[in-house]
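Written below as structure tokens is the structure these notes are about.
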Amino acid sequence: MQKLIKGVQVIESKRNVDERGWLQEIARNSQLPYPIQQVYLTNAERDVCKAFHQHVSSNQWDTMCCLKGKMKLILVDVRHDSETFGMINTFILENMNMSVVIPEKVLHGFQGLREGENTILNCVSAEYNHENPDEIRYGTHGYFYVNKNNGSIMEFSTKHDVLDFKDSTCVKLDKHYKEIIVPASLWEIKNG
């Protein structure tokens, strides 16, 4: 088992089967560090990445489970004050094998790995606000620079973009920013 980002929790799912069918729990409030406020479903077709995004002001936690199909879930700890800052966790979720609890402010995204539907159930700690969404969206990979003082993030698609960055912030990158590299190879499908 990989070392987990601070606050990440894996909940193993057990299926109870009898002659009538089966029942399987996804998560209980007693297992979570937050009460569930909203539940929704989303889908990703094969090879489609829905990544990355981060909740910034509501302290939203997510608990994700793949109900149908197979998905790769990637988490990146960009919390500048976290003891696991810069750590990346990857999980393969399929057919309700586990749920993953994602702490507030951790970048996260997923990719569909099977043909057809790859359906995700997400139980969250804050309701989605359609008028004022609490999220910042980034690309599927790149170079993230996190300000050591306030946690703000700058993203570049390649290291070359950073070297060619010509305004005054370029000088600050050396002194005030920490680098996190999220390689494109994390999204490669292996044994899909």
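Observations, loosely collected:
- The stretch between ASP18 and ASP134, if pulled fully straight at 0.36 nm per residue, gains 37.5 nm over its current Cα-Cα span.
- Of the residues LEU73, LEU41, the one with the largest accessible area comes first in the ranking LEU41, LEU73, computed with a 1.4 Å probe on protein heavy atoms.
- Unsatisfied cross-links (Cα-Cα over 26 Å) in the set LYS68/LYS178; LYS70/LYS178; LYS6/LYS178; LYS6/LYS72; LYS6/LYS68; LYS3/LYS72: LYS68/LYS178; LYS70/LYS178; LYS6/LYS68
- Going by accessible surface with a 1.4 Å probe and the largest first, VAL146, VAL56 read VAL56, VAL146.
- Taking 7 Å steps out from each Cα toward its Cβ at ILE11 and HIS53 produces label points 2.1 nm apart.
- Between GLU127 and GLN38, the modelled label-to-label distance comes to 0.9 nm, taking each label 7 Å out from Cα in the direction of the beta carbon.
- Taking all Cα pairs closer than 8 Å and separated by 6 or more residues, the relative contact order of the range 4-92 comes to 27 percent.
- Whole-angstrom gap from the range 119-154 to the range 19-48, using each part's C-alpha centre: 20 Å
- Once the convex hull of all Cα atoms in the range 72-141 is built, its volume per residue stands at 131 Å³.
- Solvent exposure of the chain as accessible area per residue, Å², 1.4 Å probe: 54 Å²
- Computed over the chain: relative contact order in percent, which uses C-alpha pairs under 8 Å that are six or more apart: 26 percent
- The chain, accessible surface, carbon-and-sulfur percent (1.4 angstrom probe): 49 percent
- When TYR34, TYR143, TYR40 are compared by accessible area at a 1.4 angstrom probe, the order from most to least is TYR40, TYR143, TYR34.
- In this structure the amide hydrogen of LYS148, modeled in the peptide plane, comes within under 5 Å of the amide hydrogens of TYR177, LYS178, none closer than 5 places in sequence on its chain.
- For Rg and Dmax of the Cα atoms in Å, calculated from these coordinates, the label among [x] 17.8, 68; [y] 15.7, 48; [z] 17.6, 55: [x]
- Rounded accessible area of TRP22 (nearest 10 Å², 1.4 Å probe): 140 Å²
- By the rule of a C-alpha distance below 17 Å, with chain neighbours fewer than 8 residues away ignored, the aspartates and glutamates paired with LYS105 are ASP62, ASP77, ASP81, GLU83, GLU127, ASP134, GLU135, GLU155, GLU179.
The values are calculated or read from the model by the stated rules, or taken from the named source; none is laboratory data. Here the structure is a predicted model, which is why all the values come from computation and not from measurement. Using ideal geometry, Cβ is built from the backbone for each residue, glycine included, and neighbour counts are taken over all protein chains shown. Please note that ligands, DNA and RNA were not included when accessible areas were found on the heavy atoms of the full protein model with its side chains. Shrake-Rupley method; radii C 1.70, N 1.55, O 1.52, S 1.80 Å.
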